[in-house]
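All remarks here apply to the structure that follows.
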Amino acid sequence: MTRSARLRRRLVEHLLDEDVLHAPEWIAAFRAVPRHVFLPRFFAPAGGLWAAVERGDPGWLETVYSRDVLVTQLDDDPDRWALARRTGPVAGTPTSSSSMPSIMAIMLEELRVRDGQRVLEIGTGTGYNAALLSHRCGADRVSTVDIDPVIVAQARERLAEAGYRPACAVGDGALGFPAGTLFDRVLCTASVSSIPPAWLAQTKPGGLIVTTLNRPIGAGLIRLVAGDDGTGEGRVLASDGRFMPLRAHRLPETVPLPMPSRGDWEQTRLPMSTVVQPRRQFEFFAGLALPGVRVVRDGGDEEAPSIALVHPDGSWVRHRKRGGADEVAQGGPRALWELAEAAYVEWCELGKPERDRFGVTVDGDRQEFWLDSPDGRRWPLG
């Protein structure tokens, strides 16, 4: 057995131990598809910057078969890797990656694909996920689209090297696949702020759409069942997942926040971590109660807290720990922290519902979350 095959088997064992991989078909796919073919080069964190790593570097193969997300592009610029290789680590914002294998396994299994079905992948990236789909479904049943022509060209080449030739296209993933084929399953490996109508139009009635939501607070996975009239209804999934957004769904940069004076701070019994950390059960509900509110991490020190909330209307909240207590200062047209505290009380009164008690309805421009049933309490998705 080759070294890469041994590492693939070890990766599968990790996914089994994490309880994210179950189906024999997907176990076989992860064991068979050579991830290293799709990651000949990537970026590695280097003290706040990004270092360029390529095939043959010490630890390259082990990193490829780790459980980590591997960044493959910065700032939508295909030349940043070469610059980092030539001059040393560079700054930049990740704009393409090979996702954590665990979340890939979760989404592939949640897709509930059956033999003979056609699958559309939105967000080609490295091509590794398209290869897994091709191994499971047959490459002739898989289509994949990405907005970046350089990414698509590289993925097509690496897919062929691995022995897979799915249909690869350049285009805006929000518009679906350019050929207009109807699919049984649609899988988006980027996040969206709302469900693009083209996805429902290109999904057969009864077909499934699995995607992640681009929500500053309370993001995660959803699965929709397509109706026969461009509508869809589904559930928020218990398994969490966070992805880079489609380019058209990226959020604008936030403006610098005011610095509160010493007298602006007041104690709160609600820790900021309860509101913003995905592992906290309240975080999803907090996102419903605070639509449009962003989390800002600005470094800071004891007097300038590292986590803040901000809304486009100019409302803001800063948080800090002082003497073991949680303190907040807020400003702008709305008292955001009072809204957060009221939402926490309501969440408790509702029985502390976790994310899988929520569903989603899509009907044209009306896209809503609901609690327990479509007739229950509702909130706008976008």
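Below, the figures for the structure above:
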| read-out | value |
| --- | --- |
| Nearest 10 degrees, 0 to 90: helix 3-17 Cα axis against the chain principal axis | 40 degrees |
| Helical mean residue ellipticity (222 nm; -39500 (n - 2.57) per DSSP H run of 4+; nearest 500) of the chain | -8000 deg cm²/dmol |
| Chain lengthening between Val150 and Ala23 when straightened (0.36 nm per residue, less Cα-Cα) | 42.4 nm |
| On Cα atoms only, tilt of 128-137 relative to the major axis of the chain in degrees | 60 degrees |
| Length added when fully stretched, Ala238-Arg31, from 0.36 nm per residue minus Cα-Cα | 71.9 nm |
| The chain: antiparallel DSSP beta bridges as a percent of all, rounded to 5 | 75 percent |
| Theoretical gain in end-to-end length, Glu266 to Thr181 [0.36 nm per residue, Cα-Cα removed] | 24.9 nm |
| Region 279-382: trypsin sites (Lys or Arg not before Pro) in DSSP coil with no more than 12 other Cβ atoms inside 10 Å | Arg279 |
| Rg/Rh (Cα only; Kirkwood hydrodynamic radius) as it applies to region 262-349 | 0.93 |
| Those residues of region 17-46 whose amide nitrogen sits under 17 Å from the label point placed on Ala82, 7 Å along Cα→Cβ | 40-43 |
| Three semi-axes of the equivalent ellipsoid, the chain, Cα gyration tensor, whole Å, largest first | 36, 27, 19 |
| Gap separating the Cα centres of region 80-105 and region 151-169, nearest whole Å | 19 Å |
| Over the chain, relative contact order from alpha-carbon pairs under 8 Å, at least 6 apart, % | 10 percent |
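Taken together, the values in this text are just the output of simple stated rules run on the coordinates, not laboratory data. Computed from a prediction, not measured in an experiment: that's the story for all the values here. All Cβ positions, glycine included, derive from the backbone under ideal geometry; neighbour counts span all protein chains shown.
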